[in-house]
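Enquirer: Below you'll find the structure I mean.
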Amino acid sequence: MRRIVLWLMSTLTVLVLLFGHSTSTSSRLPAGAESSAVAPVSSATGSTSGSTSGSTTTYTGDSAPTRWGPVQVEITVSDGRVTDVSVVEYPHENGKDQQINARALPVLVQETLDAQSADIDMVSGATVTSDGYVESLQSALDQAGL
Amino acid sequence: MTPPPPTRYVEHVMGMPISLALRGRHTDDASARTAWAAAMAVLQEADRVFSTYRENSCVSRLRRGEVGLEDCPAEVAEVLALGETAERESAGAFSVWLPGPDGRPVLDPSGVVKGWAAERAADHLKALPETDFCLSAGGDVTCATADPDGQPWRIGVEDPADPRRVLAVFPVLSGAVATSGTAHRGAHLVDARTGRAPDGVASVTVVAGSLTWADVDATAAYAHGPEAAHWLESRPGRSGLVVWADGTTSVVQPVLP
């Protein structure tokens, strides 16, 4: 039960972050803050499907209707901590939207992750110089694949 | 079945690392290596023409008044025109004319050149049939998948408070992701209107169709300081993530048509 509660909170955090900054305001949202943004999300937590391997569990929420379209979130919990979050369904008004780059929404992770846990291909960040490269996250990624 | 990890290439130009990931049909054959060499040649040529660190680059000579715009390659006029458009659309927060030490404006097209050059370099990678690519020029990323319903590239956004950690992930099929911030180089980004570093914002990440505009908009939004998210919202078709100096974040939704 504790794990489910944790998961609920995490899911809400993610969706609040996804939709907290809507279109008209630019209020600064600390993670999981605004309860008002939670309302449209609650249906996403009604039922879940989960898969477990070892102490790591992946939960997939229901698809939740939002004013931007349906959203479905999947999170991975390992030893009681959220280790990954991904959005499996995005708002889109037609099939082509998936390929329109500018529609990409960020998925914020509750705790920052290292490159391996985040399962990323590239890093976008403030300009890395050649001098600083050896120490960079991108360098770790490149070495893993070289 | 888990697909094989992408094949990766790294080289350095313009004082920054260029990283490439390829997956699909041409990842490690002659076509792939030829495309990578052609992409790097584009960046090396851009460095030769635009570098403000090279005394003999066309832009350096232009700055010193030794040559006119008509004496430089046509690409210089193209980049300066992009800079003018960006200045107009950012209400002056972005400019290729930055206040120098004596307050007088000095030509510095670097804010446009990196994204613009990387996008041109990527044209050579786009030409690889049935191949997905993801190219990063010092943290500004452009990628594409051959199959529009394929597996998106996962672009991590570094945490400005700890650049070895990832704060968010953008899944991108085809498009560009650029971030402006001061994590690696100190306070080098300024509001072109004041010449001072903006307050309140730690980094701005922008997703757009072209890397030229993702890069320009990230810099322009950053220069807007506390208004970064507001300004980015006004840009058609952009989405993004603003990380504030206090560690909180704002997600900017794309404006739907």
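The values are calculated or read from the model by the stated rules, or taken from the named source; none is laboratory data. Treat the numbers as computed from the prediction; the structure is a model and nothing was measured. Note that we place each Cβ from the backbone using ideal geometry, even for glycine, and neighbour counts take in every protein chain shown. Just so you know, the surface numbers come from the protein's heavy atoms only, side chains and all, with ligands and any DNA or RNA stripped out. Shrake-Rupley method; radii C 1.70, N 1.55, O 1.52, S 1.80 Å.
Enquirer: In the range B:1-73, which trypsin sites (Lys or Arg not before Pro) are in a loop and have at most 15 other Cβ atoms within 10 Å, using DSSP for the loop call?
Expert: Qualifying residues, ordered by number: B:R25, B:R54, B:R64.
Enquirer: Suppose all protein chains stay in the model; what accessible area per residue would a 1.4 Å probe give for chain B, in Å²? Please list the in-between numbers first.
Expert: On the way: 10380 Å² over 257 residues.
Spelled out: the 1.4 Å probe surface of chain B, per residue, equals 40 Å².
Enquirer: For peptide A:135-143, what's the mean number of Cβ atoms from other chains within 10 Å of each residue's Cβ?
Expert: 6
Enquirer: Right, something else. Could you work out, residue by residue across B:6-14, how many beta carbons of other chains sit within 10 Å of that residue's beta carbon, and then give the average as an integer?
Expert: For peptide B:6-14, the averaged partner shielding equals 4.
Enquirer: Something else about it: Tell me, what % of the accessible area of the range B:7-252 is carbon and sulfur with a 1.4 angstrom probe?
Expert: 49 percent
Enquirer: About the Cα centre of the range B:4-149, how large is the charge dipole given +1 on each Lys and Arg Cβ and -1 on each Asp and Glu Cβ? Please answer in debye to the nearest 20.
Expert: With Lys and Arg at +1 and Asp and Glu at -1, about 340 debye.
Enquirer: Can you give me the span-like helices of chain B, meaning DSSP H runs with 27 Å or more of Cα extent along the axis and Kyte-Doolittle mean at or above -1.0? Working shown, then result.
Expert: Values: long enough: B:30-50 (30 Å, 0.45).
Sorted by number, the helices that extend far enough and score high enough are B:30-50.
Enquirer: Can I ask one more? At B:A245 and B:D123, where each label point lies 7 Å from the Cα along Cα→Cβ, what is the point-to-point distance in nanometres?
Expert: 4.1 nm
Enquirer: To continue, here is another question. Is the shape of the range B:7-252 best called rounded, prolate or oblate, per the rule: a/c under 1.5 gives rounded, else a/b larger than b/c gives prolate, else oblate, with a ≥ b ≥ c the square roots of the Cα gyration tensor eigenvalues? Don't jump to the answer; show the numbers that get you there.
Expert: Values: a/c = 1.91, a/b = 1.15, b/c = 1.67.
Verdict is oblate for the range B:7-252.
Enquirer: Considering every residue in B:23-31, what mean count of other chain Cβ atoms within 10 Å of its Cβ is obtained?
Expert: Details: counts 1, 0, 0, 0, 0, 0, 0, 0, 0.
That works out to 0 on average.
Enquirer: If packing is taken as the mean number of other Cβ atoms within 10 Å per residue, what is the order of B:149-158, B:230-239, highest first?
Expert: B:149-158, B:230-239
Enquirer: Between B and A, buried accessible area summed over both sides at probe 1.4 Å, in Å² to the nearest 100?
Expert: Values: alone 13000 and 9630 Å², together 17260 Å².
Result for this pair: about 5400 Å² buried.
Enquirer: To the nearest 0.05, what FRET efficiency results for B:D102 and B:A37 with a Förster distance of 45 Å applied to their C-beta separation?
Expert: 0.60
Enquirer: Okay, next question. Leaving out ligands, DNA and RNA but keeping every protein chain, what accessible area does B:E89 have, in Å² rounded to the nearest 10, with a 1.4 Å probe?
Expert: 80 Å²
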